[in-house]
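What follows is one structure encoded as structure tokens, with my remarks underneath.
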Amino acid sequence: MPTTTQRPPADLLLRSLSPHHRKILVATYFHRRTTREAAHLLGLTPEAAKSDLYHAMRDLSDKLRRATVAGM
């Protein structure tokens, strides 16, 4: 009998991120901007935007993994 893993709703995971991480993710993935465009919009250097996006994605991935393991 196959088991299914229920994933938590994406909006809950996004809300659990810091506001800074949420802003860079929304600016890039949801608004389909490049990191350079998002950096300009958010008042960051392109390098800072890339770093922030990396950390935001890592944080989101960790939260998803923990929520999935916990059976959220």
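The values are calculated or read from the model by the stated rules, or taken from the named source; none is laboratory data. Treat the numbers as computed from the prediction; the structure is a model and nothing was measured. In this analysis, Cβ positions are derived from the backbone assuming ideal geometry, glycine residues included, and neighbour counts consider all displayed protein chains.
Observations on the structure shown:
- Of all the numbered requirements in (1) modelled with pLDDT under 90; (2) part of a helix (DSSP H, G or I); (3) of a type in the set (D, E, K, R), D59 misses one, and that requirement is (1).
- Contacts under 8 angstrom Cβ, first residue in the range 54-72 being at positive phi, partner at pLDDT below 95 and exposed (fewer than 15 other Cβ atoms within 10 Å of the Cβ), 6 or more apart: G71/Q6
- Within the range 1-54, helices (runs of 4 or more DSSP H) holding 3 or more residues that are at pLDDT below 95 and under 21 Å from T68 (Cα atoms): 10-16
- Residue list for the range 13-40, restricted to those being over 15 Å from H55 (Cα atoms) and among the polar types (S, T, N, Q): T34
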